[in-house]
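Q: After the structure tokens below, expect a handful of questions from me.
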Amino acid sequence: MNVSEQGLDSIKQAVGFRARPYKDSLGNIIVGHNHVVTPGDGVAERDVINSFKAHELLLRDIDEYVKTLNVISSMTQEEFDALVLEKYKNGEH
């Protein structure tokens with residue numbers, strides 16, 4: 001199962017969007033939809049990203065949740081989306 005478009009929209013709405021990277025209280029560089037920038041992301045501290053790049057980073061961030069949650073087979077799409085949203089909002093990435 002994958003996150004639906006509605007699920008992705010819910011995540012985006014819940015966490016917001018920042019085109020310009022900023023440092024959080026732990027010193028991590030955050031951009032897009034709460035993405036923690038890592039080497040290889042193609043994002044530098046002074047870059048400005050667009051919504052397409054933010055979407056790409058979000059999909060990478062939630063990929064592990066999707067893999068983990070796919071072991072539970074008796075979920076509806078809405079339940080699956082809600083679990084991914086909660087994990088993402090709680091910073092489990």
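Q: Could you work out which residue, out of Gly40, Gly32, Gly16, moves most in a Gaussian network model of the chain, that is, has the largest mean-square fluctuation with Cα springs under 10 Å?
A: Highest fluctuation of the listed residues: Gly40.
Q: Tell me the angle of helix 51-69 to the major Cα principal axis of the chain, expressed in degrees between 0 and 90 and rounded to the nearest ten.
A: 40 degrees
Q: Next up: Over its Cα atoms, what ratio of radius of gyration to 2.2 N^0.38 Å does region 1-88 give?
A: Details: Rg = 13.7 Å, N = 88, 2.2 N^0.38 = 12.1 Å.
Rg over 2.2 N^0.38 Å, computed on Cα atoms: 1.13.
Q: Suppose a student asked you for the relative contact order of the chain, using Cα pairs under 8 Å spaced at least 6 residues apart; what percent would you report?
A: Relative contact order here is 33 percent.
Q: Follow-up question, since we're still on this one. Compute the acute angle (0 to 90°) between the alpha-carbon long axis of helix 5-15 and the principal axis of greatest extent of the alpha-carbon atoms of the chain; round to the nearest 10°.
A: Its long axis makes an angle of about 50 degrees.
Q: Which angle from 0 to 90°, rounded to the nearest 10, does the C-alpha axis of helix 77-89 make with the longest principal axis of the chain?
A: Taking Cα atoms only, the helix is inclined about 30 degrees.
Q: Less than 19 Å apart at the alpha-carbon level, and either on another chain or at least 8 residues along: which aspartates and glutamates does that give for Lys23?
A: Correct list for Lys23: Asp41, Glu45, Asp47, Asp61, Glu92.
Q: Now for a different question. Provide the packing ranking of 54-64, 68-78, i.e. peptides ordered by the mean count of other C-beta atoms within 10 Å per residue, highest first. Intermediate values should be presented prior to the final figure.
A: Details: 54-64: 17.1, 68-78: 10.8.
Top to bottom by mean Cβ count within 10 Å: 54-64, 68-78.
FYI, it's all coordinate maths here, none of it is from the lab. Since the model is a prediction, treat every value here as computed from it, not as a measurement. Methodologically, a virtual Cβ is constructed for each residue, glycine included, from the backbone with ideal geometry; neighbour enumeration extends over all protein chains shown.
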